[in-house]
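We did not get these values from a lab; they are worked out from the coordinates using the rules stated. Predicted, not measured: the structure shown is a model, and the values here were computed from it. Using ideal geometry, Cβ is built from the backbone for each residue, glycine included, and neighbour counts are taken over all protein chains shown.
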Amino acid sequence: MKIVLPFRRLSYFILLAVSFLTIHFQLSSFAHADGSSAGNILIQSLSAKAQGLAEMYSSVSADVGDITALQYNPASIAFLNRKEVSVTYKGGIFGDKLGVISYGNPLELGEKKWGVCAGTLLYYSVGETDFVDLGGVQKTVNAEKDYAFIFSYSNRLGNNLSVGANGKVLRSQLLEKFTATAFAMDIGSLYKMGTISLGGAIQNIGTGLRYDNRTEEIPVTFRAGVSHQKKYLNLHQVLFGVDVLKRRTENVKANLGFEYRYDDKLFPIAFRSGYKLGEDSGKVNFGLGFNAGSYKLDYSMQVIEENGNSHFLTLGFLFGQP
């Protein structure tokens, strides 16, 4: 009883919180349906693996994916059993660039586990554009430059269920002149039952970005997904699933992802592909992954129709005792 009652009370609290925030999200969606959205850095993929799976990641725990799964569901990192560092670089076809550094650390005191915390730094640049100022002088400036920090915490409620939250601080600059700051949070939950995982999160609940006298809303998102992972003959491992997501001013979309991993001890390699339903561009994604002991290297390509491709590269390192 001492264990069951607190667990039930916490479960009811989480259910009520999720219900309240879901209602808030739906009302906000209608209230701001005609508004614009800013904070592009908040919807960027943080790893090549996630992008290779077309961001089918809300039900993928960090031990299956990586520490950057926190971008899609903060509850995912509760299953991280070693310290992890991840560094990602993205080069886009329009000159946009993304840089990410993430660190995850399981919290332990003696034999007691207190969950997992993580910190993530992001930099995103949209690229250069021509701008004519009030004096009629044409300049080439950076269209948008964003910086963000994410602090994450997640813990397990039992062996299979986890809950988590992200706190976010975003600093944005437009045309190298107008700046704004926003604060936001995510909440999520993830449940494992055998080879099936279920996950869901509400993301970017927070303040808008106020540039001078104009406020831009950040991309509030509701995301849920299911995935299946299984190993065959100790060498062949498959992962596939689907994410469904709804952003404030957009229609419902779905991301489909598939991974085949050959778990050879000398040369483990993973092949990934994904497809985004409901997107105008960047629907098709491919990726590769390599493991060498505690080191991980992932690459992915997002196909942008008629324009070219965006490329993602992620280096990861696990350390400490599991």
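In order along segment 80-90, phi translates into HN-Hα couplings of 6, 10, 9, 5, 9, 10, 9, 10, 10, 10, 10 Hz, rounded to whole numbers, per the Karplus curve 6.51 cos²θ - 1.76 cosθ + 1.60 with θ = phi - 60° and x for Gly and Pro. For the residue pairs Lys168/Lys230; Lys230/Lys276; Lys113/Lys168, the alpha carbons lie more than 28 Å apart in Lys168/Lys230.
Given a Förster radius of 22 Å and the C-beta distance between Lys113 and Phe317 as r, what FRET efficiency does 1/(1 + (r/R0)^6) yield to the nearest 0.05?
Values: r = 22 Å, r/R0 = 0.99.
Rounded to the nearest 0.05, the efficiency is 0.50.
Computed FRET efficiency, Cβ-Cβ of Met193 and Leu233, R0 22 Å: what is it to the nearest 0.05? E(calc), rounded to 0.05, equals 0.40.
Along segment 201-210 the Karplus relation, 6.51 cos²θ - 1.76 cosθ + 1.60 evaluated at θ = phi - 60°, assigns HN-Hα couplings of 7, 10, 10, 6, 7, x, 7, x, 9, 9 Hz to successive residues, with x for each Gly and Pro. Between segment 240-283 and segment 153-219, what is the C-alpha centre distance in whole Å? Each part's Cα centre sits 20 Å from the other's. The peptide list 54-64, 221-231, put in order of mean Cβ contacts within 10 Å with the highest first, becomes 54-64, 221-231.
Protection proxy ranking for 66-76, 256-266, using the average of other Cβ atoms within 10 Å per residue and placing the highest first: 66-76, 256-266. Whole-Hz Karplus values for segment 312-319 come out as 10, 9, 10, 10, x, 9, 9, 8 Hz, taken residue by residue from phi with 6.51 cos²θ - 1.76 cosθ + 1.60 and θ = phi - 60°; glycine and proline positions read x.
When the Cα gyration tensor is reduced to axis lengths a ≥ b ≥ c, the ratio a/c is 1.5 or higher for segment 156-225, and with a/b above b/c it is classed as prolate.
For Val220, nonlocal amide neighbours, meaning residues 5 or more places apart or on other chains whose placed amide H falls under 5 Å from its own, are Arg248.
Near the amide H of Lys283, within less than 5 Å, lie the amide hydrogens of Glu305, all on another chain or at least 5 residues away, with H placed in the peptide plane. Listed by chain and number, the lysines whose C-alpha is less than 28 Å from the C-alpha of Lys139, apart from same-chain residues fewer than 8 away, are Lys90, Lys97, Lys177.
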